[in-house]
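Participant: First the structure, which I've put down as structure tokens, then a few questions once you've had a look.
Just so it is clear, none of the values below were taken in a lab; they were calculated from the coordinates. A quick note: this is a predicted structure, and the numbers were derived from the prediction, not measured. No Cβ is skipped: glycine too gets one built from the backbone with ideal geometry, and neighbour counts run over all protein chains shown.
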Ligand code: GLP
């Protein structure tokens, strides 16, 4: 079931998402967060940092597992998701970095590394709250449209549309990695609560298909309809194709 929370714009979406994450940390100080990268959550992370600085939030017992990482980028590469998390959130709050996990983009024996990542998420009891963005094509994490839903953490060939969408953050499209490691859909579905953030007209079709389309791996986010506690916080533009449904 998906609960839809309407936001006016990006700032409103960000504050609402940050409020929900912050409530999770207050209710369970040692919670496990599943975290996401991309442009969408940046505003929410900024808001969390602000509340931390005011003394309203304490991350000292929180642990986190990120959804995905580009293959071939080291953690200090400015476009790696480890770097993103450090610079947008972890470096500014009192989280214990040794309890923050991001798939290793440089793993040589990547199958073993993926299995170890799954084992670690499972041993942590799966996220209490899993934050997700959504790709223009309905991907979650880097689970691209496919003919089946993925299970655990795995190597992904990125689609041309995702490479193009993400090229805005690189100097040129040729620098965008063609592969990534991503938590699988089954792992994502094991989170106790799923919080999807979406803004902008580019996400409108994916948001519609996620909430009201058939449940199909051609729109990976559509499986979230089967989760017992999915919350979507979306701005007016992202909800513009949902019409009266939302
Ligand atoms: C990226 C990430 C996803 C993210 C999505 C949307 O490729 N792998 O985790 O949710 O695409 O990104 P953005 O928020 O920049 O639109």
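Participant: Quick check on the chain: helices-only [θ] at 222 nm, where DSSP H runs of length 4 and up contribute -39,500 (n - 2.57) each and the sum goes over total residues. Nearest 500, please.
Facilitator: Numbers: 7 runs with 74 residues, N = 246.
Rounded to the nearest 500, it is -9000 deg cm²/dmol.
Participant: Within the P(r) computed for the chain, what percentage of the Cα pairs occupies the region above 33 Å?
Facilitator: Working: 3174 of 30135 pairs.
Summing the P(r) of the chain above 33 Å gives 11 percent of all pairs.
Participant: What shape does segment 1-77 take by its C-alpha gyration tensor, where a ≥ b ≥ c are the square roots of the eigenvalues and a/c under 1.5 counts as rounded, a/b above b/c as prolate, and the rest as oblate? Don't jump to the answer; show the numbers that get you there.
Facilitator: Details: a/c = 1.56, a/b = 1.18, b/c = 1.32.
Since a/c reaches 1.5 but b/c is at least a/b, the shape of segment 1-77 is classed as oblate.
Participant: Another question, if that's okay. Contour minus end-to-end for residue 226 and residue 147, with contour as 0.36 nm per residue of separation and end-to-end as the Cα-Cα distance? Kindly include the intermediate steps, with their values, before the conclusion.
Facilitator: Working: separation 79, 0.36 × 79 = 28.44 nm, distance 1.78 nm.
Here the answer is 26.7 nm.
Participant: Using Cβ contacts closer than 10 Å as the measure, can you line up 188, 95 from fewest to most? Walk me through the intermediate numbers first.
Facilitator: Values: 188 27, 95 21.
If I rank by nearby Cβ atoms, fewest first, I get 95, 188.
Participant: Using the Cα gyration tensor of segment 152-246, with a ≥ b ≥ c the square roots of its eigenvalues, what is the shape: rounded (a/c below 1.5), prolate (a/b larger than b/c) or oblate (neither)? Kindly include the intermediate steps, with their values, before the conclusion.
Facilitator: Working: a/c = 2.19, a/b = 1.28, b/c = 1.70.
Since a/c reaches 1.5 but b/c is at least a/b, the shape of segment 152-246 is classed as oblate.
Participant: Sticking with this structure for a sec: Mind checking which of 200, 34, 138 has the largest fluctuation in a GNM of the chain, springs on alpha carbons under 10 Å?
Facilitator: Result: 200 has the largest fluctuation of those listed.
Participant: Would you mind estimating how fast segment 174-229 diffuses translationally, via Stokes-Einstein at 25 °C and 0.890 mPa s with the Kirkwood radius over Cα pairs, in µm²/s? Show your work: numbers first, answer last.
Facilitator: Numbers: Rh = 12.9 Å.
Translational diffusion coefficient: 191 µm²/s.
Participant: Also, I was wondering about something else. Residue 236 to residue 27: extension gain in nm, 0.36 nm per residue of separation minus the Cα-Cα distance? Don't skip to the end; give the middle numbers.
Facilitator: On the way: separation 209, 0.36 × 209 = 75.24 nm, distance 2.95 nm.
Fully extending the segment from residue 236 to residue 27 adds 72.3 nm.
Participant: Now for a different question. If you take the Cα atoms of segment 62-109, find Rg, then find the Kirkwood Rh from the mean of 1/r over all pairs, what is Rg/Rh? Before the final figure, lay out each step's value.
Facilitator: Working: Rg = 10.5 Å, Rh = 11.0 Å.
Across segment 62-109, the Cα-based Rg/Rh ratio is 0.96.
Participant: Using Cα pairs under 8 angstrom and six or more residues apart, how large is the relative contact order of the chain, in percent? Mind showing how you got there, number by number?
Facilitator: On the way: 531 pairs, mean separation 64.0, N = 246.
Averaging sequence separation for qualifying contacts and normalising by length gives 26 percent for the chain.
Participant: When all C-alpha to C-alpha distances in segment 62-174 are sorted into bins of 5 Å, what percent of pairs does each bin hold, rounded to whole numbers?
Facilitator: With 5 Å bins starting at 0, P(r) equals 2, 10, 19, 24, 23, 15, 6, 1, 0.
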